[in-house]
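Encoded as structure tokens, the structure appears first; notes follow it.
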Amino acid sequence: MKTVRQVAQAFGLSRATLLYYDRVGLLRPFHRTAAGHRLYSADDETRLARIRELRAAGMPLAEIDAVLEPDARFRSSLQDALHRRLTGLNHEIAALRRQQQVVLALLKQPGATRRARVMTKQRWVALLASAGMDEEDRGRWHREFERQSPEAHQDFLESLGIGADEIRKIRAWSARV
């Protein structure tokens with residue numbers, strides 16, 4: 001059995017975090033001493049490790065609680081929760097890319113795209129050309145990308161700052177040929 005301080009230290013958490021997890025019912029200690037001190041078991045530590053893992057994935061505490069619920073009647077599927085989180089992350093990434101493009105447009109400075117670590121369509125085409133890929137090679141590359149991973153192809157084209165109309169044309173052409 002370990003105390004709040006020992007568990008917090010072992011997991012790199014604050015004491016307040018463990019007390020909060022107890023208060024909301026996410027991690028209740030196995031035992032309390034006569035003086036009311038919390039004592040955590042190895043099973044509690046295993047649960048806390050899982051909580052930390054799911055928090056690292058950005059999952060909200062309420063969803064973690066539903067996933068870890070011991071009563072199967074009330075437990076939600078971990079796979080469903082992770083798929084929801086992945087979808088949310090994809091939306092957040094797309095929104096951040098759009099914000100990045102707006103900031104770059106507002107900066108209107110030469111070299112801003114390099115500092116932003118962003119690849120533009122022009123830089124990408126130049127890179128492929130310098131690697132020896134001609135237009136036909138790039139076409140094959142797009143077709144294969146679209147065939148193997150259409151959603152990732154969409155994301156990649158968006159990351160280059162290409163407009164929605166042009167992306168639709170590229171993807172339609174890639175899927176058709």
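The values are calculated or read from the model by the stated rules, or taken from the named source; none is laboratory data. None of the values given here were measured: they were computed from a predicted structure. Ideal geometry is used to build each Cβ from the backbone, glycine not excepted, and the neighbour counts take in all protein chains shown.
See the values below:
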{"read-out": "Residue satisfying all of: in the stretch 15-26; out of contact with any helix residue (DSSP H, G or I) (no Cβ under 6 Å at 6 or more places or on another chain) and not in a helix (DSSP H, G or I); nearest to Ser77 (Cα to Cα) among these", "value": "Gly25"}
{"read-out": "In the stretch 25-46, the residues that are closer than 19 Å to Asp65 by Cα, hydrophobic (A, V, I, L, M, F, W, C) and more than 25 Å from the chain's Cα centre (by Cα)", "value": "Phe30, Ala42"}
{"read-out": "Hey, Ala95 farther than 30 Å from Ile167 by Cα and under 23 Å from the mean Cα position of the chain (by Cα) or not", "value": "no"}
{"read-out": "Residue match in the stretch 27-47 (condition: in contact (Cβ under 8 Å) with a residue 12 or more places away in the chain, among the hydrophobic types (A, V, I, L, M, F, W, C), assigned to a loop (DSSP other than H, G, I, E, B) and touching a Leu at 6+ places or on another chain (Cβ under 7 Å))", "value": "yes"}
{"read-out": "Leu13 vs. criteria more than 20 Å from the chain's Cα centre (by Cα), surrounded by 11 or more Cβ atoms within 10 Å (Cβ to Cβ) and outside the structural domain of Gly161 (by TED's automatic domain parsing)", "value": "yes"}
